[in-house]
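Starting off with a structure, shown below.
The values are calculated or read from the model by the stated rules, or taken from the named source; none is laboratory data. Only a predicted model underlies this, so the values are computations on that prediction, with no experimental measurement involved. Reconstructed Cβ throughout: ideal geometry from the backbone, glycine too, with neighbour counts over all protein chains shown.
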2 protein chains.
Amino acid sequence: MGRWQPGARERLAVAAIELFEERGYDATTVADIAVRAGVTERTFFRQYADKREVLFGDPTAYNATFTDAVAAAPAEATPLEAVVAALRAAGGFFEGRHPYARRRTAVITSNAALLEREQIKRVHLTDAIAEALRERGAPAPVAALTAELGTVAFHQAFARWVAADVETDLGALAVQVLGELRAAIA
Amino acid sequence: MGRWQPGARERLAVAAIELFEERGYDATTVADIAVRAGVTERTFFRQYADKREVLFGDPTAYNATFTDAVAAAPAEATPLEAVVAALRAAGGFFEGRHPYARRRTAVITSNAALLEREQIKRVHLTDAIAEALRERGAPAPVAALTAELGTVAFHQAFARWVAADVETDLGALAVQVLGELRAAIA
DNA sequence: TATCGTCATGTCAGTTTCTGACATCAGATC
DNA sequence: GATCTGATGTCAGAAACTGACATGACGATA
């Protein structure tokens, strides 16, 4: 690779969450993070587009967990059934990551700029799911709303999951919440 | 009030949208905006928390248009009916503002940072509507999803409304879109 | 009329985020 | 061993944003 320690990106992510926990997001400069990770500030901005991104990283794999499951659902499955499959699959994405998810959630909820970024991530996920549904032949309005239904359910489930002291089955929880929502608006 | 021309905030907003149209958002500095408005850069940041805010301003009145309508709906109205009332009321908020809305939309859609801020505005509106529904006695999950349904409908309607060359009845259009969405997921 | 307090704005210095341009050098390739 | 590649370092700088203090028109009060 180069003449340096590999994994600069990961070291930056670790250093960042540590410092955010210790001093808070605003009180931590990118220079601080770079020093702890053993690189320069410039390297930080080559790895992450901006300071917030270090907590979010590349959403491709995350979003793909949902969209791949939607695409893989049987052709005869309804949009809602495809979304249910996506929720189950997404639960697996967080398997074993409960401790980290708790730390990350605590940091994010403590800062408006990070909460904002988190919302955007959710919007993009919703858009991605809607597109996957359209590719299955769902009409655009149905795709948009079913995708919303799925992300609302997932995020309400995630909130419950992350608040619990021990890790439970996130996928199953999300499917359950989705059922509650459907019953509520029926 | 002071020794200066009143209305600095409005002059800044006008100068900003003009410059964004002329040069683009990124190519316009806050200093540029301040000069055109006849104030200093420091005054800009006293009026608006950050550069993006000049296009968004205080959302209080906007959100209140929705939430007040929800609160004012008859006690026996369902959450969905309360949201329908909110959509009609919100249509009135934009009455006569079609030309400005088109300019503003054009600027916002040309820049990722502005689109992001617009999404956040939508999320906050959804939260506000959900809260208003909860205050009417709706269970939290019902409130959350009904609010989502309302904002999805409103924003799809707004997109159609702003794309049209002549101003139509936005409230009626939003109610119509909501009906389409309901039929789609029934 | 004179004085005083208010407060939006100006002035200025400084920090932090973020970017462009160019240099460096370990390891892969030939 | 020469060359290429690519991640990183170095450096200068633009632009966003903040804190501290000064200014001066206006309104209130004596």
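Could you pull out the residue among B:Ile108, B:Ile120 that is under 13 Å from the mean Cα position of the chain (by Cα), facing chain A (nearest Cβ under 10 Å) and under 24 Å from A:Pro141 (Cα atoms)?
On the way: B:Ile108 fails: facing chain A (nearest Cβ under 10 Å).
That would be B:Ile120, the only listed residue that is under 13 Å from the mean Cα position of the chain (by Cα), facing chain A (nearest Cβ under 10 Å) and under 24 Å from A:Pro141 (Cα atoms).
Of these, A:Ala113, A:Ala172, A:Ala153, which one is touching a residue at least 12 places away in the same chain (Cβ under 8 Å), surrounded by fewer than 15 Cβ atoms within 10 Å (Cβ to Cβ), within 11 Å of chain B (Cβ to nearest Cβ) and part of a helix (DSSP H, G or I)? Give the steps one after another, and end with the answer.
Values: A:Ala172 fails: within 11 Å of chain B (Cβ to nearest Cβ); A:Ala153 fails: surrounded by fewer than 15 Cβ atoms within 10 Å (Cβ to Cβ).
Sole residue among the options that is touching a residue at least 12 places away in the same chain (Cβ under 8 Å), surrounded by fewer than 15 Cβ atoms within 10 Å (Cβ to Cβ), within 11 Å of chain B (Cβ to nearest Cβ) and part of a helix (DSSP H, G or I): A:Ala113.
Conditions (1) touching a strand residue (DSSP E or B) at 6+ places or on another chain (Cβ under 9 Å); (2) more than 16 Å from DNA strand C (Cβ to nearest atom); (3) closer than 20 Å to B:Lys121 by Cβ, marked per residue:
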position	(1), (2), (3)
B:Gln5	no, no, no
B:Thr29	no, no, no
B:Asp68	no, yes, yes
B:Ala73	no, yes, no
B:Glu81	no, yes, no
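Can you tell me which condition A:Val166 does not meet? The list is (1) at pLDDT 95 or above; (2) assigned to a helix (DSSP H, G or I); (3) of a type outside the set (D, E, K, R), and all the others hold.
(2)
Something else: Just give me the residues in the range B:175-186 being modelled with pLDDT of 95 or more and either closer than 14 Å to A:Val142 by Cβ or within 13 Å of chain A (Cβ to nearest Cβ) (or both), in sequence order.
At the first step, the residues of the range B:175-186 found to be modelled with pLDDT of 95 or more are B:175-176.
Of everything in the range B:175-186, just one residue is modelled with pLDDT of 95 or more and either closer than 14 Å to A:Val142 by Cβ or within 13 Å of chain A (Cβ to nearest Cβ) (or both), namely B:Gln176.
Are any residues in the range A:6-36 over 23 Å from the mean Cα position of the chain (by Cα), in a helix (DSSP H, G or I) and within 13 Å of DNA strand D (Cβ to nearest atom), and if so, which ones?
A:Ala31, A:Ala34, A:Val35, A:Arg36
Another question, if that's okay. Determine, yes or no, whether A:Thr126 is polar (S, T, N, Q), in contact with a helix residue (DSSP H, G or I) (Cβ under 8 Å, 6 or more places away or on another chain) and under 24 Å from A:Pro141 (Cβ atoms).
Working: polar (S, T, N, Q): yes; in contact with a helix residue (DSSP H, G or I) (Cβ under 8 Å, 6 or more places away or on another chain): yes; under 24 Å from A:Pro141 (Cβ atoms): yes.
Spelling it out, A:Thr126 is indeed polar (S, T, N, Q), in contact with a helix residue (DSSP H, G or I) (Cβ under 8 Å, 6 or more places away or on another chain) and under 24 Å from A:Pro141 (Cβ atoms).
Kindly indicate whether B:Ala159 is surrounded by fewer than 20 Cβ atoms within 10 Å (Cβ to Cβ), over 20 Å from the mean Cα position of the chain (by Cα), aliphatic (A, V, I, L, M) and part of a helix (DSSP H, G or I).
Details: surrounded by fewer than 20 Cβ atoms within 10 Å (Cβ to Cβ): yes; over 20 Å from the mean Cα position of the chain (by Cα): no; aliphatic (A, V, I, L, M): yes; part of a helix (DSSP H, G or I): yes.
Taking the combined requirement at face value, the residue does not satisfy it.
Can you name the number of the only condition in (1) within 10 Å of chain A (Cβ to nearest Cβ); (2) free of Cβ contacts under 8 Å to residues at least 12 places away in the same chain; (3) not in a helix (DSSP H, G or I) that B:Ala138 fails?
So the condition that B:Ala138 fails would be (2).
Still on this model: Does any residue in the range A:70-82 that is within 14 Å of chain B (Cβ to nearest Cβ) come within less than 8 Å, Cβ to Cβ, of a residue that is of a type in the set (Val, Ile, Thr) six or more places away or on a different chain, and which pairs are these?
Close Cβ pairs satisfying both conditions: A:Pro79/A:Val142; A:Pro79/A:Thr146; A:Leu80/A:Thr146; A:Leu80/B:Ile185; A:Ala82/A:Val70.
OK, next. Which one of these does A:Glu148 not meet: (1) within 19 Å of the chain's Cα centre (by Cα); (2) in a loop (DSSP other than H, G, I, E, B); (3) crowded, with 16+ Cβ neighbours inside 10 Å?
Result: A:Glu148 fails condition (2) only.
Quick check on this structure: which one of A:Phe66, A:Phe56 is surrounded by 16 or more Cβ atoms within 10 Å (Cβ to Cβ), more than 11 Å from DNA strand D (Cβ to nearest atom) and within 14 Å of another protein chain (Cβ to nearest Cβ)? Can you show your working first?
Values: A:Phe66 fails: within 14 Å of another protein chain (Cβ to nearest Cβ).
Matching residue, one of A:Phe66, A:Phe56: A:Phe56.
Follow-up question, since we're still on this one. Take the range B:38-54 and flag every residue that is within 16 Å of B:Glu10 (Cβ to Cβ), within 6 Å of DNA strand C (Cβ to nearest atom) and part of a loop (DSSP other than H, G, I, E, B).
B:Val39, the sole residue that qualifies.
Do we find a residue being more than 12 Å from DNA strand D (Cβ to nearest atom) and within 17 Å of the chain's Cα centre (by Cα) anywhere in the range B:76-83? Talk me through it step by step, then tell me what you get.
Start the filter on the range B:76-83 by keeping residues that are more than 12 Å from DNA strand D (Cβ to nearest atom), which leaves B:76-83.
Now restrict to residues that are within 17 Å of the chain's Cα centre (by Cα): B:83.
Within the range B:76-83, one or more residues are more than 12 Å from DNA strand D (Cβ to nearest atom) and within 17 Å of the chain's Cα centre (by Cα).
Hey, any hits in the range B:60-76 for a residue that's more than 19 Å from B:Glu131 (Cα to Cα) and either basic (Lys, Arg) or in a helix (DSSP H, G or I) (or both)? Explain how you work it out, then say what you get.
Residues of the range B:60-76 more than 19 Å from B:Glu131 (Cα to Cα): none.
No, the conditions are met nowhere in the range B:60-76.
Return the pair list, or none, for Cβ contacts closer than 7 Å from residues in the range A:1-30 that are within 18 Å of A:Asn111 (Cα to Cα) and among the hydroxyl-bearing types (Ser, Thr, Tyr) to residues that are assigned to a helix (DSSP H, G or I) and within 15 Å of DNA strand D (Cβ to nearest atom), at least 6 apart or on different chains.
As it stands, the answer is A:Tyr25/A:Leu114, since those pairs meet every condition given.
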